[in-house]
Amino acid sequence: DAGVIQSPRHEVTEMGQEVTLRCKPISGHDYLFWYRQTMMRGLELLIYFNNNVPIDDSGMPEDRFSAKMPNASFSTLKIQPSEPRDSAVYFCASTPGLAKNIQYFGAGTRLSVL
Amino acid sequence: KNQVEQSPQSLIILEGKNCTLQCNYTVSPFSNLRWYKQDTGRGPVSLTIMTFSENTKSNGRYTATLDADTKQSSLHITASQLSDSASYICVVSVTGGFKTIFGAGTRLFVKA
């Protein structure tokens, strides 16, 4: 398996624009997570899905952030409108189940909002 | 308040030397503790995972320990290599879901 695949790897946009980050989890993994990482705050869990259903979105910072998982092999994280303080590296991770709980991370998307 | 604190913040060692990274947590109810290695520009990679009943877990030259009574964990790296240069993140999970508390990480630099 190719692992968790994220796109794009880098995104530069202007304040106010819509940004969409994409993630393809490892096949057969029932859980998918979105994280944000900054120097100031480290890694933060934004939201996670189980079998395509959002379970916990308490980490989503504002209504400007939304995440979807239309099927088992694809998820998006959207920011609309984007702001400079959203600049960070966004990671997607997946895991087969709760018991093992080893999460496999993608390479991340580095977002810069100017 | 659930917190995970790591020390030191950064560390420089010579290739071939051993080192130990510390993680103290105040997380309840405790489910498991994981150590991740994150290379620059990459996503974190799991090194070890320990539950309440486990006090040692090894992965090659990496050995993690857990003292659930004192709520402390350590990650020991033996015979360090240049490729060990990375950030090491301690992550503690709460029972009953995927609520996780991340430490700020220890940045390790291994010099030749």
Taking segment B:5-47 and the residues there that are free of Cβ contacts under 8 Å to residues at least 60 places away in the same chain and over 16 Å from the mean Cα position of the chain (by Cα), the one that is nearest to A:Y104 (Cα to Cα) would be B:R42
Going through segment A:59-94 in order, the residues found to be out of contact with any Ser or Thr (no Cβ under 6 Å at 6 or more places or on another chain) and charged (D, E, K, R) are A:E62, A:D63, A:R64, A:E83, A:R85, A:D86
Of the residues in segment B:68-100, those that are within 14 Å of chain A (Cβ to nearest Cβ), over 9 Å from the mean Cα position of the chain (by Cα) and buried (at least 18 other Cβ atoms within 10 Å of the Cβ) come to B:A86, B:S87, B:V92, B:S93, B:F98, B:T100
Inspect segment B:17-30 for any residue being closer than 21 Å to A:F91 by Cα, in a loop (DSSP other than H, G, I, E, B) and open to solvent by less than 40 Å² (accessible area, probe 1.4 Å) and give the result as yes or no. no
Within segment A:94-111, the residues that are at pLDDT 95 or above, within 9 Å of chain B (Cβ to nearest Cβ) and open to solvent by less than 10 Å² (accessible area, probe 1.4 Å) are A:G106, A:G108
In the set B:Q9, B:Q3, the lone residue that is surrounded by fewer than 18 Cβ atoms within 10 Å (Cβ to Cβ) and more than 21 Å from A:V89 (Cα to Cα) is B:Q3
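The values are calculated or read from the model by the stated rules, or taken from the named source; none is laboratory data. Small disclaimer: the values here were computed from a predicted structure and weren't measured. Ideal geometry is used to build each Cβ from the backbone, glycine not excepted, and the neighbour counts take in all protein chains shown. Accessible surface areas use protein heavy atoms only, side chains included; no ligands, DNA or RNA. Shrake-Rupley method; radii C 1.70, N 1.55, O 1.52, S 1.80 Å.
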